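Working notes, beginning with the structure itself.
Coordinate-derived values only; no laboratory data. Worth saying up front: this structure is predicted, and the values here are computed from it rather than measured. We place every Cβ from the backbone using ideal geometry, glycine too, and count neighbours over all the protein chains shown.
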């Protein structure tokens, strides 16, 4: 019969404490990183905040020569490009998720699903270079003249499509962003649709509903929270996306009514100007932009996660 | 048309739209890959792997950028993944239901989708400003911060898949949790954790924004971790936006190399996962 060596047991206990402490500190480090991001951004942005106060977010001016900075143009560009991206990507993502869950032959389900996920793995700089050299010329030659001719003459909406077709600009950035976030939203929606109990869907079909009616009246109401969560996760990505936008936005610190005109976003301003920024106030203003982006995306992503989590809990209780 | 015909027509229309949406998505992927291949293959030559990035108009390759990317990605994974794996272990084993764990899980998911340029600014503030200059080590740290959430998430998920019985058997033999984790859980979840590492490498090796103001760029060969270092994404960014034809060609070649390696990494991660799942099913 084996006898436990007390020295061995004591050593085991010490190892146990060390290992537990190591895992716990690694876990706490994750919290510290997020806290560190917040603190270091506030500290870096402080000179700009102290100098400009609240007017930083309400002024359009961005002039390194006179050292005057306002964030309105980048905020506008960030919000508008992301909105365009969501308008284009959400219906398309819904279509892809519908196709993958209800229509796709089982044999193709995996390959198409993987292809969509691979689109998500392509680095953003590739979307940027593709957007600049392939997409922008196509939009400039074919899409934008059509928009100017046919939509530009309409009242109200027409204002958005005035001016020369630059190719690069807010609209192009929105389209590139749409392609980038499409796979994220589509994959989340597909996963959410997959959690709908088959019995519910079968009941719908049993009553003679068409595929679309089952989708719209059974699957969508059941997955509403998760769909919104997935959409907001995509929105979070679109708001913070840097490289793809930097290539195609045109980098102009001004707000023009037209979507065809060049603009700028928070992240592309930082990417373009940070290493060239001379003077503390300039650098600090760019970090203040970063702080704004952090606050906006943190809110959106946290809300999205909270929604997806609620769904997970509900899904857990159903299963 | 009667009501039934109308419903059928509506159904058909929406299903057609959904098919179109899927084809558009696939067409985008195909278009991007085609563009990369058609532009990138022309620039493919041995010079890419034997020569440094050239001045405008000169002949050259991408050797320093490839080396820099490899070094910083490797360092990023070496620093980031142990933290991610250990933290994932804590969430799965020690603090499974604690309040702290659910907060950490939440924060980790936020970090997972946080804009990478913010992480770049963070490292700039705490490393570059302190050291007074850009450096490869700062770039590696930025990548490490990006690698942590990916590895943490997969490690926790994979440890949760290990059957309870294995854990119980180990505990019944008198093993402390650390022994169980190292000798039973990690081996059982090994391929899952490796998948997480591959995904993390795929994620960080294409990152550009966090390197712009941490590692910066370097036109010359440098192995000094304390100095700015060339890296593929930033070189692509700089060369693609330049007006010089030979720089643009190099950018396309670099873009092809980076995309192919990332797609290969993601596909192998998926294959490993699929094998793992079929193992479990059998």
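Structure notes:
- Estimated FRET transfer efficiency when R0 is 45 angstrom, pair residue B:224-residue B:97 (beta carbons, to 0.05): 0.40
- Compactness index (Cα Rg / 2.2 N^0.38 Å), segment A:15-81: 1.81
- Only Cα pairs under 8 Å and 6+ residues apart enter the sum, and on that basis the relative contact order of segment A:160-319 stands at 34 percent.
- Cα centroids of segment A:128-151 and segment B:260-274: 33 Å apart.
- Value of Rg to Rh for chain B, rounded to two decimals, is 1.08; Kirkwood radius and Rg both from alpha-carbon coordinates.
- Computed [θ] at 222 nm, helices only, for the protein assembly as shown once each DSSP H run of length n ≥ 4 contributes -39500 (n - 2.57): -22500 deg cm²/dmol
- The tail of the calculated P(r) for the protein assembly as shown, taken as Cα-Cα distances beyond 48 Å, holds 15 percent of the pairs.
- Ordered by the number of other Cβ atoms lying within 10 Å of each residue's own Cβ, fewest first, A:201, A:162 fall into the sequence A:162, A:201.
- Expressed per residue, the C-alpha convex hull volume of segment B:150-208 stands at 65 Å³.
- Over the C-alpha atoms of segment B:227-281, the Rg to Rh ratio, Rh being the Kirkwood estimate, stands at 1.29.
- Whole-percent pair-distance distribution, where bins are 5 Å wide, for the alpha carbons of segment B:181-282: 2, 11, 15, 16, 15, 11, 9, 8, 6, 3, 1, 0
- Peptides A:110-119, A:127-136 ordered by packing proxy, namely the average of other Cβ atoms within 10 Å per residue, highest first: A:127-136, A:110-119.
- Estimated translational D of segment B:1-102 in µm²/s (Stokes, Kirkwood radius over Cα pairs; 37 °C; 0.692 mPa s): 164
- Pairwise Cα distances in segment B:38-186 exceed 21 Å for 61 percent of all pairs.
- Label-point separation in nm, residue B:4 to residue B:173, each point 7 Å along Cα→Cβ: 6.7
- Relative contact order [Cα under 8 Å, 6+ residues apart], segment A:1-144, whole percent: 8
- Segment A:170-253 - Debye-derived log10 I(q)/I(0), Cα point model, q = 0.21, 0.25 Å⁻¹: -0.90, -1.10
- Ascending count of other beta-carbon atoms within 10 Å, so fewest first, for B:94, A:15, A:69: A:15, B:94, A:69
- Relative contact order (percent, whole number), chain A, Cα cutoff 8 Å, 6+ residue spacing: 27
- Annotation: Cα Rg of chain A relative to the compact-globule expectation 2.2 N^0.38 Å equals 1.26.
- Part-to-part distance (alpha-carbon centres) for segment A:193-231 and segment B:32-69, which is given in Å: 49
- Rg and Dmax [Cα atoms of segment A:136-286; Å; Rg one decimal, Dmax integer]: 21.1, 70
- Considering segment B:104-221, its Cα convex hull presents a mean projected area of 9.4 nm².
- Computed from the alpha carbon atoms alone, the convex hull of segment A:12-150 holds 274 Å³ per residue.
- Overall dimensions of segment A:96-170 by Cα: Rg and Dmax, Å: 18.0, 49
- Pair residue A:109, residue A:299: separation of 7 Å Cα→Cβ label points (nm): 4.0
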